[in-house]
Each structure stands twice: as C-alpha cells, then as structure tokens.
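Notes follow once the structure below has been shown.
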Amino acid sequence: MGVIAIIVNLDVMLAKRKMSVTALSEALDITMANVSILKTGKAKAVKFSTLNKICEVLDCQPGDLLAYEKGEE
C-alpha cells in the first residue's frame, strides 16, 4: 500500500457548477492554496467538515467528488 488511489474530482464539479476556485475558497472560508491542493489531488487527507462544506456549496454528494481507482501493485 503505497500510492493513494483516491481521485478528487473537484475540478469536474466546479466546472459543472460554473464556479471558480476563488468563489469556492470564499464560500468555504479556506485559502485558495488549500482549495488548489484539493483540486489537484495533492491532498493527503480531507476533514469531514471540509468535505461537508464542499458538498453543501456545490450541492453534491461525496461520491461526486471522490473516486477510487485501483492501481497495479
């Protein structure tokens, strides 16, 4: 178990909702740098409270934002 196989589809949801990273950052009251880390999939963890806020703002389910891709071992 080395590589994290969870894919964050935040960019897809932002596009579907026609929302910018700046607008999401302001709505969540977190820095643009932290939103960018989530958007690019570089985050090693996500607080449930942050995930909850993202789902509220984007009117989506956690499964719309996260996917598991099993890789080769």
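Laboratory data are not the source of any read-out in this text; all were calculated from the coordinates shown. For clarity, every value in this text was computed on a predicted model and none was experimentally measured. Counting neighbours? That spans all protein chains shown, and the Cβs are built from the backbone with ideal geometry, glycine included.
What is the residue count in region 26-59 for residues that are within 18 Å of I7 (Cβ to Cβ), surrounded by 11 or more Cβ atoms within 10 Å (Cβ to Cβ) and charged (D, E, K, R)?
1
Check L28 against each of (1) out of contact with any Lys or Arg (no Cβ under 6 Å at 6 or more places or on another chain); (2) without any contact (Cβ under 8 Å) to a residue 60 or more places away in the chain and name the one condition it does not meet.
Of the numbered conditions (1) out of contact with any Lys or Arg (no Cβ under 6 Å at 6 or more places or on another chain); (2) without any contact (Cβ under 8 Å) to a residue 60 or more places away in the chain, the odd one out for L28 is (1).
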